[in-house]
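Heads up: the structure comes next, in structure tokens.
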Amino acid sequence: MHVIEVQESDPPMVTGWLPRTSLELLVLRAGEAQDPRAEFQGTGIQPHGGIPYRIELVFRPFAFLELGDDVAGADGRAWRFDGPWAWTAYDGGAGLPVWPLTLIENGNGNGSRPVNDGSTHDDEMNRWRRAAGLPA
């Protein structure tokens with residue numbers, strides 16, 4: 001399976017089930033592609049909902065970045081990395097960073113480290129598709 005959405009709620013959701021959950025992962029089976037036109041797709045699982053799950057991480061997109069890292073694209077635009085497919089441009093514009101990326105500021109304060117392993121955004125997307133069992 002692959003995670004397509006993470007939903008957090010505070011206070012926990014009142015669903016009629018106990019324990020009340022504050023975290024739900026929306027997942028698709030391996031080999032199933034997300035359909036942006038579908039109103040409902042996937043299965044919700046609650047990691048803290050009392051049902052035992054064993055989840056093994058197979059692929060972490062953009063493994064060379066940490067949440068909150070600030071990077072500059074090759075075109076000089078500044079971006080914040082907010083998650084696997086979430087980039088926020090500091091100029092308010094749309095799009096994606098132009099690779100290669102340069103680390104401006106490390107979001108977790110752990111000092112400098114390489115920000116790019118030589119891949120491109122398309123390389124990352126193709127790696128994710130292969131790991132999810134989808135055609136690259």
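Brief remarks follow.
- Cut-off 18 Å, label 7 Å out along Cα→Cβ of residue 9, residues of the stretch 47-61 by amide N: 47-51
- Between 0 and 90°, nearest 10: helix 121-131 axis offset from the chain longest Cα axis: 30
- Whole-Å distance, taken between Cα centres, linking the stretch 1-26 and the stretch 43-108: 21
- Heavy-atom accessible surface of the chain, averaged per residue, reaches 67 Å², computed with a 1.4 Å probe.
- Dividing the summed -39500 (n - 2.57) terms of all DSSP H runs of n ≥ 4 by the residue count of the chain sets its mean residue ellipticity at 222 nm at -2500 deg cm²/dmol.
- Considering only 63, 88, 26, and ranking their Cα positions along the charge dipole of the chain that arises from unit charges at the beta-carbon of Lys, Arg, Asp and Glu, the one farthest toward the positive end is 26.
- Taking the inverse of the mean reciprocal distance over all distinct Cα pairs, the Kirkwood hydrodynamic radius of the chain comes to 17.0 Å.
- Measuring nothing but protein heavy atoms, the accessible surface of the chain at 1.4 Å probe radius is 53 percent carbon and sulfur.
- When only Cα pairs below 8 angstrom with a gap of at least 6 residues are kept, the chain shows a relative contact order of 20 percent.
The values are calculated or read from the model by the stated rules, or taken from the named source; none is laboratory data. Just so it is clear, the structure is predicted and the values come from calculations on it, not from any experiment. Every residue, glycine as well, gets a Cβ built from its backbone with ideal geometry; the counts of neighbours run over all protein chains shown. For accessibility, only protein heavy atoms count, side chains too; no ligands or nucleic acids. Shrake-Rupley method; radii C 1.70, N 1.55, O 1.52, S 1.80 Å.
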